[in-house]
Each structure stands twice: as C-alpha cells, then as structure tokens.
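The values are calculated or read from the model by the stated rules, or taken from the named source; none is laboratory data. If you're wondering where the values come from, they're calculated on a predicted model, not measured in any experiment. For neighbour counting, all protein chains shown are included, and Cβ atoms are generated from backbone atoms with ideal geometry for every residue, glycine included.
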C-alpha cells in the first residue's frame with residue numbers, strides 16, 4: 001500500500017484507502033474537488049493531501065530505481081495467490097470454462113478467432129453481459145467496453161442474452177437464499193445494457209485513436225473489467241500497401257491493450273477473422289494478421305466446426321493445456337453443446 | 001434525438017420490411033440498418049426480385065415498418081429490369097394507395113450502373129455527397145448492389161497475387177459501405193452469386209461457413225462466390241435455394257406410359273446462413289406477378 005506510507009493522519013489515510021485510492025498514481029491523477037468529495041474533507045485539505053502525495057511520488061522517482069523496484073516488485077507467491085482469488089469471466093458454457101481454467105482470465109489478452117458465423121460476436125456479447133454477474137454470484141460485478149469495428153453488434157441480441165443471464169442469476173440467488181436471507185438488488189436487463197459502453201469505429205485510424213483513449217476512459221470508469229474488440233482485424237485488412245507499417249501499428253496497439261490489462265486488472269478479448277495461408281501449393285486456414293501478430297496475445301482460442309458441432313480449441317496459452325470443447329449458440333446465448341448432455345452449471 | 005427515435009422501440013435495430021410479413025418474421029423484422037446484408041443465390045432464384053421489392057417497401061412510412069426513405073440501386077448486370085420494376089410499382093401503389101396518391105414510387109429509386117470494382121470505389125465519394133446533400137423528399141436509407149460478384153468476374157486471375165489484390169478490394173468496399181451505413185443509418189444489401197463445388201468437398205471451398213453444413217440449389221452443391229475473404233466482410237448472409245420437384249404423382253396425374261405428362265413445381269427457400277441477431281431458420285417463398293411472398297409452413 002503506497003498510500004499507507006504517506007505522512008498524513010491515520011484517519012485520513014483510512015479514508016483514502018476506503019475510497020479506493022491505494023496507489024500514489026491513482027491519488028495524483030485525482031482532482032482536488034473529486035478527492036474532497038470522495039473522502040469528505042474540505043477542498044483546501046484535499047489540495048494539501050495532493051501536495052504531499054505528489055511530493056512523495058517525486059521523491060520515489062528521484063530516489064532512483066531501487067525504490068521503484070521495491071514498490072513494483074511482487075513475489076511469484078503473491079501473484080499465484082492473487083490469481084487464485086481473482087474471479088474469471090464465465091462464458092456460460094461449462095465445457096468451455098473448463099478448458100479455459102474457469103473462464104476468460106482478467107489481466108490477460110485473449111484472442112478468439114474463427115470462420116464467419118461460428119459465433120465470435122455471440123461470444124463477445126456473452127462476455128460483455130457475463131462480466132456484470134454480481135460478485136456474490138461468483139462474477140466480477142464489472143462493466144464492459146465493446147468496440148465494434150464491423151457493425152455486427154446487435155442490441156436486440158444483447159438484450160436477449162442479458163434477459164437470459166438475469167433469469168439465471170435470479171434462479172441462482174433463489175437457491176442461495178435457502179441458506180441465508182439476503183435481500184438482493186434485482187438486476188434488470190436494461191441495466192446490463194447500460195453497463196456496456198459501445199464504440200463503433202469506421203477506420204483503422206479511429207480504432208487506434210480509440211485504443212489510445214481507452215486508458216483515460218477506463219480511469220474514469222474503473223468498473224470496466226473487460227474490453228472486447230470485435231474484430232481487431234477488419235480495418236487492417238483493407239488498404240495496407242506498407243505491411244511493415246501495419247505490423248508496427250498492430251504491435252503498438254497490442255502493447256497498449258496489454259498495458260491496460262495490467263494497470264486496471266481487466267480482461268481484453270480480441271476477436272479475429274480467419275484467412276487462408278498459401279504454403280507449398282496447398283491452402284491452410286489460419287487466423288488473420290500474420291505471424292508476427294500471433295505473438296501479441298497471451299492466449300489464443302480458435303473456434304471451428306466439428307461436423308455439425310461448434311468447438312473451441314486452445315491454440316496457445318502459457319498456463320492452459322491445449323484442449324478442445326464443444327459449445328453451442330442458443331437463443332439464450334453461448335451454452336453447453338446439446339450433445340454433451342451434462343447439467344448446465346449455474347454461473 | 002430525432003422524432004424517428006422517439007417513435008420506435010428503443011431496444012431494437014431499425015429494420016426495413018421486405019414487403020411480406022412472413023419473410024419479415026423469418027428475418028426478425030426485415031433487413032437491419034447500420035449493417036451489411038448479403039443475399040446469395042444462383043441465377044433465377046429471385047435475388048433481384050427481392051431487391052426490387054425492397055427498394056419499393058423502403059419507401060413505406062415507419063408505422064408500416066419501412067424506412068420512409070428512397071434508395072440507391074447499383075446494378076452491375078445489364079440491362080436493369082425496368083419493366084419488372086414498373087410492374088411491381090403498380091401493384092405496390094395499388095396496395096398502399098394512401099401513401100402514394102399521385103406519386104410514382106419509382107421517383108424515389110436512384111439507379112446507377114457500374115462495371116468494375118474500381119469504378120464502384122470511384123463513385124463512393126459521389127454517393128457520400130448525394131447522401132449528405134440530397135434534397136429529395138425522402139432521404140436515401142437503402143443501398144442495393146446487385147451483384148457484387150459480377151464486378152470481380154473477369155478482371156482477376158487465379159494467382160495468389162491477384163487473389164490478394166482482390167481481397168484488399170473486398171475489404172475496402174465493405175469498409176466504405178459499412179461506414180456509410182453507420183453514418184447515415186442505411187440498410188445495405190449486396191447480392192452474390194454461387195459457384196459449383198467440384199471434386200473433393202474437403203477442400204478450401206468446402207469449408208463450412210454458417211449454419212448450413214452445405215448449400216444445395218437445383219440439386220447441386222454450391223458455395224457463395226468470392227470466397228472466405230468476402231464472407232468476412234458481410235454482417236449477415238442469406239441464401240436462396242431452388243428445388244425442382246415433380247408433383248402430380250400423389251394426384252394420380254402421372255401417365256404411366258413413361259412420364260410424358262409430368263408436372264414440375266419449383267420450391268424456393270430463404271435460409272439464414274449467419275447473422276448476428278438471428279437463429280438458424282428458413283422460410284419458403286414464391287414469386288408472383290405482384291412480388292415475392294413467404295409461404296407459411
């Protein structure tokens with residue numbers, strides 16, 4: 001706790017921490033009036049606190065790298081613990097969650113690709129809804145940013161999926177309530193839609209500008225726990241004579257997104273298209289954007305048809321073993337495949 | 001917020017009716033705005049019929065599920081079927097006399113012929129300025145391109161360089177169309193042809209895209225022209241199929257002397273191959289003098 005080291009009164013420190021200002025960086029970026037409102041002090045006092053904070057952070061910086069390392073370093077043991085306790089975003093398909101180690105992992109960039117009509121957008125919408133499952137139901141209780149580059153986000157479909165999700169949640173909490181009485185705030189599908197921040201970009205310039213702006217946007221909306229980019233590919237397949245430029249732009253964008261995952265502890269999901277790769281006279285299906293791009297994402301999931309069944313395959317992941325699982329797209333959203341007649345897990 | 005926004009229920013994308021309730025039901029209300037819808041079929045299936053009907057029904061007021069807009073029809077196959085459009089517009093006018101008194105619905109359909117893909121890209125800025133500065137009574141709300149495949153028929157060879165050049169053009173055209181669709185909340189409809197699948201069905205052309213394992217029309221296995229790259233460019237894909245059926249056996253009409261007297265019937269079906277907002281579904285339809293109509297099954 002960086003804020004814990006500030007030379008201010010204990011009660012103030014407590015107020016700061018409970019208002020969510022845990023790092024010096026978060027404190028320094030706050031305006032005096034915001035701070036005054038958040039911790040209920042006068043604006044003059046808030047300015048005083050900010051002065052101390054900025055002084056301390058400057059000291060940290062001038063003290064050289066040692067201090068920075070001490071503040072920034074985290075042991076692998078702590079990281080393991082953190083990972084165990086951090087909730088994942090469920091896909092609403094138990095089989096898919098199982099191979100993903102419980103769902104889409106926060107703090108990581110996950111790429112999902114597949115042929116048109118396989119359900120990429122459906123999965124994107126499902127995640128934007130599921131990230132809002134309240135914490136007491138095992139969710140993240142967050143909000144979603146949905147960046148639509150193709151124009152495939154359909155609000156009526158999002159509503160359908162949200163309605164099904166609300167039904168599942170109320171069924172789940174009804175079952176919980178047998179044990180202890182909790183008065184839950186009823187979730188409403190419209191609220192779920194309100195918590196999806198939708199952006200539509202019509203060119204790659206807009207797309208890059210938006211990714212650059214995201215950091216500011218999420219600083220103002222800290223509840224955002226997932227960023228979905230549907231699809232990362234579309235504008236980059238249009239008119240790039242200069243492939244080196246494309247690679248640089250994509251690489252820069254991937255780095256920005258990765259930084260977001262770390263800084264705000266959120267998941268980034270990139271949807272990608274497939275293309276054919278010409279090798280030694282034969283054609284092969286592969287995700288678009290080329291080989292160098294394939295290094296940009298932490299996890300890579302490929303969706304494909306297996307006969308009449310939709311399947312997902314983990315193509316690349318540092319922590320998951322490669323495996324595949326069937327899933328299906330139903331009117332209620334992504335669910336277990338009908339053929340794997342298991343009981344659908346709640347949440 | 002415009003008055004139109006207040007009129008329609010807030011939680012659905014605006015749709016343009018196809019001019020037939022049964023077909024609309026199959027498509028969740030019609031052709032969605034801000035979106036690119038592809039109509040795939042072999043020749044003679046009814047792609048153009050459906051498009052002609054669409055440019056008429058787009059002029060219906062919002063209360064009748066139209067877009068209350070005029071439309072732009074870009075045709076790449078010559079000649080444009082003016083006769084048929086006129087025929088349809090007569091029956092359309094008599095169906096809705098209250099909206100069209102003395103106005104000819106054809107006055108709100110702008111037609112442009114295009115030969116090549118480059119020409120299509122060249123007229124895009126012009127289309128944009130028409131959309132911006134149009135003074136017509138009804139704003140343009142629908143663009144039809146019939147057909148996109150014809151633009152790419154002759155110019156490109158089957159080499160990997162040409163294929164690459166071709167797919168760059170796909171993404172350019174689609175990117176431009178989608179951004180116009182978004183800016184002016186247009187419905188965009190593009191028709192596409194099919195190619196026959198010959199030989200092994202396992203090849204790259206046999207790749208399954210969408211709800212239907214394989215597409216059959218007139219008893220042949222086909223796949224949409226322009227390949228995987230183009231499939232990535234559209235938001236929804238609809239497929240029209242034809243099936244010739246011998247009828248009459250059950251009526252005892254078939255003459256047992258070798259089937260000389262045989263009655264054949266054409267069954268046409270509309271399938272949803274993929275669409276972000278629609279489940280897998282299909283609907284049978286017929287083409288009559290007055291237009292295209294869905295058949296309740």
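Considering A:42, A:31, the condition of being surrounded by fewer than 17 Cβ atoms within 10 Å (Cβ to Cβ), at pLDDT 75 or above and within 18 Å of residue A:216 (Cα to Cα) is satisfied by A:31 alone. Against the test of being facing chain A (nearest Cβ under 9 Å), surrounded by 14 or more Cβ atoms within 10 Å (Cβ to Cβ), touching a helix residue (DSSP H, G or I) at 6+ places or on another chain (Cβ under 6 Å) and closer than 20 Å to residue A:153 by Cβ, the options B:171, B:184 yield a single qualifying residue, B:171. The criterion of being at pLDDT 85 or above and crowded, with 17+ Cβ neighbours inside 10 Å holds for residue B:278.
For the range B:125-143, does any single residue satisfy the condition of being under 30 Å from residue A:243 (Cα atoms), facing chain A (nearest Cβ under 9 Å) and either touching a helix residue (DSSP H, G or I) at 6+ places or on another chain (Cβ under 7 Å) or loosely packed, with under 13 Cβ neighbours inside 10 Å (or both)? No; the residues of the range B:125-143 include none that is under 30 Å from residue A:243 (Cα atoms), facing chain A (nearest Cβ under 9 Å) and either touching a helix residue (DSSP H, G or I) at 6+ places or on another chain (Cβ under 7 Å) or loosely packed, with under 13 Cβ neighbours inside 10 Å (or both). When the residues of the range A:277-304 are filtered to those that are touching a helix residue (DSSP H, G or I) at 6+ places or on another chain (Cβ under 9 Å) and away from every other protein chain (no Cβ under 14 Å), the one that is farthest from residue A:250 (Cα to Cα) is A:301. Can you tell me which residue is farthest from the other protein chains (Cβ to nearest Cβ) among those in the range B:151-168 that are in contact with a strand residue (DSSP E or B) (Cβ under 9 Å, 6 or more places away or on another chain) and surrounded by 14 or more Cβ atoms within 10 Å (Cβ to Cβ)? The qualifying residue farthest from the other protein chains (Cβ to nearest Cβ) is B:151.
Residues that are modelled with pLDDT of 90 or more and surrounded by fewer than 21 Cβ atoms within 10 Å (Cβ to Cβ) do not occur anywhere in the range B:194-217. Out of curiosity, is residue A:237 within 14 Å of another protein chain (Cβ to nearest Cβ) and crowded, with 22+ Cβ neighbours inside 10 Å? It is true that residue A:237 is within 14 Å of another protein chain (Cβ to nearest Cβ) and crowded, with 22+ Cβ neighbours inside 10 Å. The single condition among (1) closer than 28 Å to residue A:156 by Cα; (2) loosely packed, with under 14 Cβ neighbours inside 10 Å; (3) facing chain B (nearest Cβ under 10 Å) that residue A:307 does not meet is (1).
Evaluated against (1) farther than 20 Å from residue A:126 by Cα; (2) in a helix (DSSP H, G or I), residue A:160 falls short on exactly one condition, (1). Looking at the range A:193-207, is at least one residue more than 13 Å from chain B (Cβ to nearest Cβ) and outside any helix (DSSP H, G or I)? Yes, some residue in the range A:193-207 is more than 13 Å from chain B (Cβ to nearest Cβ) and outside any helix (DSSP H, G or I).
Looking only at strands (runs of 3 or more DSSP E) that lie completely in the range A:231-347, which have at least 2 residues being modelled with pLDDT of 90 or more? The strands (runs of 3 or more DSSP E) meeting that bar are A:267-272, A:299-306, A:309-316, A:324-330, A:333-336. Just so you know, in the range B:204-220 the residues that are under 22 Å from residue B:244 (Cα atoms) and touching a strand residue (DSSP E or B) at 6+ places or on another chain (Cβ under 7 Å) include one that is nearest to the other protein chains (Cβ to nearest Cβ), and it is B:212.
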